[in-house]
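Contents: one structure, followed by commentary.
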Amino acid sequence: MANLKDIKSRIQSIENTKKITRAMKMVAAAKVKKSENAAKSTRPYSDALVDIFKKLVSSVGTSQPSGMKFEHAIENYPLLLSKRDVKTVGILAITSNKGLAGAYNANIVKNVIKAIKAYKDNNIDVKLFIIGQKGLSGLKRKAEAFDVEIVKSYTKVINEVSPIGAETVAEDLADSYISGQIDKVEVFTTKFRNMMSYSPENWDLIPVSVEKSDEKENHVIDPLMEFEPSQEFVLQKLMPMYLTNTIYHALLEAQASELASRMTAMSAASNNAEEMIRTLTIDYNKARQWAITQEILEVVSGADALKG
């Protein structure tokens, strides 16, 4: 029979753990609603931006007007729209800095590793751009094993999601593409569904695709719309906004997914702790009952011995 002191110590330890997991669940629940609202509130803006962007690209094309200069790689829309033979792929993996979020980070890392293997089997090199400390920790050893370069990692970007952080990532990716270091950028992240679920996603970011998802979709500029000084100039300014907003929105979705996953994981941990406490309490009561019975037997035996 287990020692009463050991069982009591285990119960106390699990009680302390349950307090921590319950507190983490409450914090995640408070934050996830705010993140959910932030992610959902940006969707109308993103849809409108994508719509006007596609219309402008369809109207302007990918040719570079004479005399136009691009100070930043993210503004160079003709090259960012142009496709070329893929010899090196840049993968942007969006993870979190903190753990205790269930399988959230593990699923993203697993999908990235699966993609690396597929590209390597087709003799295509891979370069990694990693957002989040957990992604960096999970992919660093695998990157060495597959001879994959980690070009840049970002840890502060996911802590406080902002358009400025997203713009930094977008500029680095655009610069690598324009300079010819990579021929394609693929993003691995998650999409927030609701408080209880999210789904892993991966999609191409660069070269920017304007292919129609719907045959009935209208990508024609309204003849009443006027652009000053020109459509090309507006498109040059719109390209950074498009890429930055795409990454910014992905970061918001990832943040909401992480918090939802942490809330679910901590809820399950709290429930498991309660079940363990219930089981240990039963064991404690049995052990205590056995100890009392043993003491009674010893007293009775001693009394019988005195009578004899």
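The values are calculated or read from the model by the stated rules, or taken from the named source; none is laboratory data. This one's a predicted model, so the numbers in the text were calculated from it and none came from an experiment. Note that we place each Cβ from the backbone using ideal geometry, even for glycine, and neighbour counts take in every protein chain shown.
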### Query
Of all the helices (runs of 4 or more DSSP H) wholly in segment 35-141, which have at least 2 residues that are at pLDDT 85 or above, within 14 Å of Gln236 (Cα to Cα) and under 20 Å from the mean Cα position of the chain (by Cα)?
none
### Summary
Flagged pairs (Cβ under 6 angstrom, 6 or more apart or on separate chains; first in segment 170-196, within 18 Å of Asp125 (Cβ to Cβ); second among the charged types (D, E, K, R) and exposed (fewer than 15 other Cβ atoms within 10 Å of the Cβ)) are Asp183/Arg84; Asp183/Lys87; Glu186/Asp204
### Message
Pairs needed: first member in segment 261-284, without any contact (Cβ under 8 Å) to a residue 60 or more places away in the chain; second member anywhere, surrounded by 19 or more Cβ atoms within 10 Å (Cβ to Cβ) and part of a helix (DSSP H, G or I); C-beta distance under 7 Å; at least 6 residues apart or different chains.
### Response
none
### Summary
Within segment 95-110, the count of residues that are touching a Gly at 6+ places or on another chain (Cβ under 6 Å) and closer than 13 Å to Ser257 by Cβ comes to 2
### Query
Any idea which of (1) over 30 Å from Met266 (Cα atoms); (2) not in a loop (DSSP other than H, G, I, E, B) is the one Gln181 doesn't satisfy?
(2)
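Any residue at all in segment 98-113 that's closer than 24 Å to Ile182 by Cα, touching a Ser or Thr at 6+ places or on another chain (Cβ under 8 Å) and either crowded, with 17+ Cβ neighbours inside 10 Å or hydrophobic (A, V, I, L, M, F, W, C) (or both)?
In the first step, residues of segment 98-113 are kept if they are closer than 24 Å to Ile182 by Cα; the result is 108-113.
After this cut, where a residue has to be touching a Ser or Thr at 6+ places or on another chain (Cβ under 8 Å) as well, the list is 108-109.
Next, only the ones that are either crowded, with 17+ Cβ neighbours inside 10 Å or hydrophobic (A, V, I, L, M, F, W, C) (or both) stay: 108-109.
Yes - at least one qualifying residue is present in segment 98-113.
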### Query
Limited to segment 149-195, what total is found for residues that are surrounded by fewer than 20 Cβ atoms within 10 Å (Cβ to Cβ) and small (Gly, Ala, Ser)?
4
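Considering only residues that are in a loop (DSSP other than H, G, I, E, B) and either at pLDDT 60 or above or closer than 24 Å to Ala28 by Cβ (or both), which ones fall in segment 186-227? Quick ask: steps written out before the conclusion?
Step one: filter segment 186-227 for residues in a loop (DSSP other than H, G, I, E, B), giving 195-196, 207-227.
Answer for segment 186-227, where residues must be in a loop (DSSP other than H, G, I, E, B) and either at pLDDT 60 or above or closer than 24 Å to Ala28 by Cβ (or both): Met195, Met196, Pro207, Val208, Ser209, Val210, Glu211, Met225, Glu226, Phe227.
Of the residues that make up segment 132-148, is at least one among the aromatic types (Phe, Trp, Tyr) and buried (at least 18 other Cβ atoms within 10 Å of the Cβ)?
No - not one qualifying residue is present in segment 132-148.
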### Message
Looking at Lys120 and the list (1) out of contact with any strand residue (DSSP E or B) (no Cβ under 9 Å at 6 or more places or on another chain); (2) surrounded by fewer than 19 Cβ atoms within 10 Å (Cβ to Cβ), which single condition is not satisfied?
### Response
(1)
